[in-house]
1. Does Thr154 satisfy the criteria of being touching a Ser or Thr at 6+ places or on another chain (Cβ under 6 Å), assigned by TED's automatic domain parsing to the domain that holds His229, in contact (Cβ under 8 Å) with a residue 60 or more places away in the chain and closer than 19 Å to Leu255 by Cβ?
2. Based on this model, can you work out whether Thr99 counts as modelled with pLDDT under 95 and crowded, with 18+ Cβ neighbours inside 10 Å?
3. Against the definition (under 19 Å from the mean Cα position of the chain (by Cα) and surrounded by 15 or more Cβ atoms within 10 Å (Cβ to Cβ)), how does Tyr217 come out, yes or no?
4. Given the residues Ile197, Ile206, which is the only one that is without any contact (Cβ under 8 Å) to a residue 12 or more places away in the chain and either within 30 Å of Arg85 (Cα to Cα) or not assigned by TED's automatic domain parsing to the domain that holds Asp106 (or both)?
5. Would a scan of region 226-242 turn up a residue that is under 28 Å from His57 (Cα atoms), of a type in the set (S, T, N, Q) and out of contact with any helix residue (DSSP H, G or I) (no Cβ under 9 Å at 6 or more places or on another chain)?
6. With Phe73, Phe27 as the choices, which residue is of a type in the set (Phe, Trp, Tyr) and more than 24 Å from Leu256 (Cα to Cα)?
7. Of everything in region 122-151, what is at pLDDT 95 or above and over 20 Å from the mean Cα position of the chain (by Cα)? Give them in sequence order.
8. Identify, from the list Ala190, Ala186, Ala110, the residue that is in the same structural domain as Pro66 (by TED's automatic domain parsing) and not acidic (Asp, Glu).
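The values are calculated or read from the model by the stated rules, or taken from the named source; none is laboratory data. As the structure is a computational prediction, the values presented were derived from the model and not from experiment. In this analysis, Cβ positions are derived from the backbone assuming ideal geometry, glycine residues included, and neighbour counts consider all displayed protein chains.
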Amino acid sequence: MWFYHNVLKKPLKEVFFLRVNLKLIPFDNSLHELTIPLDFRRHFISLLKTILAKSEHFSRFQDTNPGYSPYAFSINFSKILNINRTDTTMTIQPPVYVTLSTGIFDVMTAICNGAINLQGKETILGLKVDRVNLLPLRKINADSIEFRILGHATLRGKEDYVDGKDLQEVEESINTHMFTRFKFFAQQYALDYDSKILCPVSVKNIEYLRKGVCFHYGGLITTLQGRIHLASEPATLQFLYDFGLGTRTGQGFGLLEVVREYE
């Protein structure tokens, strides 16, 4: 399956885009604000199911225990106008942007093709896909990077979600999730990284990490927000950048952005 960008006119394999940004606008063009649930991520999970519906990757949604999602994504609103905690809704100003990331070429191809096929059609929350913008590959070359969490991330500890106060607990959770996920992906997909074996991650600084709370699937979960400084081999940091940090990365949590690379 080939995806052709409508500007570059090149197959995706030749240009190596492994992040894509979807711009969503109201299906009703007269609407300048929308009221959506605070528990909005489940709707974007449904959007991903629709995007992948005609691809071989849709089968994972039909499995009772599908394992880790082969992508991570985050949702960004142009502006949050109001939050109503009584009704558990929020009023937003469109457009809405969804950034998706993966380290697996076939998965990104399926996402791009599916999103383009949805352009102009009503999808979720009264929105339609307006644009599909490919983002250039960010090649990680440094072994020490400060990342910003786009939105929220979730890390599971031994008893509950990690609140970001204990550096050692954060580090242990990151490594546990990362190695488990890498092992799962290595069995399911053809991973192409500089190193076939990841190295442990060292958390250098959590000074700018803070506890958050999110509505998700009808309940409240503890999350992490802000920036985190990580050190490891570049291939390991690339894996986290491509697939996200922590758990629930296929549910709109854990996508990372590079803030600074250290020499």
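1. When the stated conditions are applied, Thr154 passes them.
2. On the way: modelled with pLDDT under 95: no; crowded, with 18+ Cβ neighbours inside 10 Å: yes.
Here the answer is no, as Thr99 does not meet what is asked.
3. Numbers: under 19 Å from the mean Cα position of the chain (by Cα): yes; surrounded by 15 or more Cβ atoms within 10 Å (Cβ to Cβ): no.
Against the criterion (under 19 Å from the mean Cα position of the chain (by Cα) and surrounded by 15 or more Cβ atoms within 10 Å (Cβ to Cβ)), Tyr217 does not qualify.
4. Numbers: Ile206 fails: without any contact (Cβ under 8 Å) to a residue 12 or more places away in the chain.
Answer to the check: Ile197.
5. Yes, some residue in region 226-242 is under 28 Å from His57 (Cα atoms), of a type in the set (S, T, N, Q) and out of contact with any helix residue (DSSP H, G or I) (no Cβ under 9 Å at 6 or more places or on another chain).
6. Numbers: Phe73 fails: more than 24 Å from Leu256 (Cα to Cα).
On inspection, the qualifying residue turns out to be Phe27.
7. Glu122, Gly126, Ala142, Asp143, Ser144
8. Details: Ala190 fails: in the same structural domain as Pro66 (by TED's automatic domain parsing); Ala186 fails: in the same structural domain as Pro66 (by TED's automatic domain parsing).
Within the list Ala190, Ala186, Ala110, the selection yields Ala110.
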